[in-house]
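Here the structure comes first, spelled out in structure tokens, and everything after it is commentary.
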């Protein structure tokens, strides 16, 4: 490739279409991480699935995404961010069609894993494209739009899922992806320029590092999800394999000529603190979105659509406030928004905790509003901070790292939670068991969110507003 002498401006047609394409594409992948939650009870009934199998409908997708998102980011930097983004969208489209026709829990889990692979290829590409093709003065606002719409996708998932399940059946939550993916592919082909890390082009790929991440996360997730049905010795063995793989990954990355992850990125205190905060906060968020809609259907007798509407306050807050939160962070620095946001979320979670049998909208709405305001305050600054802390040539890797950390946090929290709060087997159909497990879960989430706020406060001390400098040209 040659050089792109001009960056895209947000107000141009190509700039708007590119931002729409990467925002919508990333949103589709994120939506599928949350839209399935509200359909779990229906899927469990129609496919005769256990709670463990329902966990894997969620975790199969998240495992593939978390394990391979680093690979997706690195491939984009090396082979072209636009190219890998398009491959990921096409893969995701095909896997979604296969999910829609699954006939057994095992088939659906397998197709969800395939979906996760496609998501791992496209997800880091969206942010990396923004970071590499837009003018520097437009990046914070563009990232704010991306983060806000991505948050909306996660929040609106239960609502969309509830409407589709009640009106047409659970298979439509996957079928709806097909026209959306086709639209993203068309927009990307027309408007988005190709970029890559020219220093990485032609170098070898770190297959060992990629394999070790899959082993580490796969072993740990399976151990946590199936702990109730496996022997203690097997559980300990899986944990040991996962720990060895994690250590091996660090050693391999230090020695690799072309590492999957440049560990030097973690030498930046802000990058490390932002990712540590991401891990605990997204772990809590994954649990909240997983268990709330299920609990309201089982314990309070809400319909799938009514339970899905609990995502509406978050959708509205993210839509209205994400860009403003990004601009605020750009002016005053990210420390206050990223420390205060998780604490506000924790307060909201505790306000929702009393919801049980007979719960109405007025029982849960105050807590949902507070939770949504906190989430809107933290999402955009977090994303912008991670990318700003890394050199532009590592945009794909930095995005991949943060996405991997977020998905791993959510994955491991959802995998571990049922055992921690005493839920197993068919307990998701027992209102009494679900109420007890839900309330214990909300306490755990509030603690995790508060820890995230503390990490941000101390880890981001001394951060300053984003500098306003414009590089002369873009290597592509």
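Which one of these is free of Cβ contacts under 8 Å to residues at least 60 places away in the same chain and out of contact with any strand residue (DSSP E or B) (no Cβ under 8 Å at 6 or more places or on another chain): 321, 328? Walk me through it before giving the result.
Details: 321 fails: free of Cβ contacts under 8 Å to residues at least 60 places away in the same chain.
Criteria check complete, one pass: 328.
In the set (1) in contact with a helix residue (DSSP H, G or I) (Cβ under 7 Å, 6 or more places away or on another chain); (2) at pLDDT 80 or above, the condition left unmet by residue 70 is number (2). Residues that are under 20 Å from the mean Cα position of the chain (by Cα) and farther than 25 Å from residue 272 by Cα were ranked within segment 319-360; the one that is modelled with the lowest pLDDT is 319.
For residues that are surrounded by 13 or more Cβ atoms within 10 Å (Cβ to Cβ) and free of Cβ contacts under 8 Å to residues at least 60 places away in the same chain, scanning just segment 362-373, find the one that is farthest from residue 285 (Cα to Cα).
The qualifying residue farthest from residue 285 (Cα to Cα) is 363.
For segment 331-349, check the following and say yes or no: at least one residue is in the same structural domain as residue 442 (by TED's automatic domain parsing), over 23 Å from residue 448 (Cβ atoms), crowded, with 24+ Cβ neighbours inside 10 Å and touching a helix residue (DSSP H, G or I) at 6+ places or on another chain (Cβ under 9 Å). No, the conditions are met nowhere in segment 331-349. Tallying residues that are farther than 14 Å from residue 271 by Cβ and over 11 Å from the mean Cα position of the chain (by Cα) within segment 393-419 yields 10. Can you tell me which of (1) more than 21 Å from the chain's Cα centre (by Cα); (2) in contact (Cβ under 8 Å) with a residue 24 or more places away in the chain; (3) buried (at least 17 other Cβ atoms within 10 Å of the Cβ) is the one residue 269 doesn't meet? Condition not satisfied by residue 269: (3). Checked against (1) assigned to a helix (DSSP H, G or I); (2) in contact (Cβ under 8 Å) with a residue 40 or more places away in the chain, residue 235 passes all but a single condition, namely (2).
Let's see how each residue does on (1) closer than 30 Å to residue 263 by Cβ; (2) touching a residue at least 60 places away in the same chain (Cβ under 8 Å):
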residue	(1), (2)
44	no, yes
70	yes, yes
79	yes, yes
85	yes, yes
117	yes, no
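When we screen 236, 214 for residues that are surrounded by fewer than 21 Cβ atoms within 10 Å (Cβ to Cβ), modelled with pLDDT of 80 or more and outside the structural domain of residue 457 (by TED's automatic domain parsing), the only hit is 236.
I'd like to know if segment 267-278 contains one or more residues that are more than 28 Å from residue 418 (Cβ to Cβ), outside any helix (DSSP H, G or I) and modelled with pLDDT of 85 or more. Show your work before the answer.
Of segment 267-278, the ones more than 28 Å from residue 418 (Cβ to Cβ) are 267-274.
Then drop every residue that is not outside any helix (DSSP H, G or I), which leaves 268.
Right, trim to modelled with pLDDT of 85 or more and you get none.
No; the residues of segment 267-278 include none that is more than 28 Å from residue 418 (Cβ to Cβ), outside any helix (DSSP H, G or I) and modelled with pLDDT of 85 or more.
Is it fair to say residue 356 is surrounded by fewer than 22 Cβ atoms within 10 Å (Cβ to Cβ) and closer than 30 Å to residue 42 by Cα? Yes, satisfied.
The values are calculated or read from the model by the stated rules, or taken from the named source; none is laboratory data. Values in this document were obtained by computation on a predicted structure and should not be read as measured data. Note: ideal-geometry Cβ built from the backbone for every residue, glycine included; neighbour counts use all protein chains shown.
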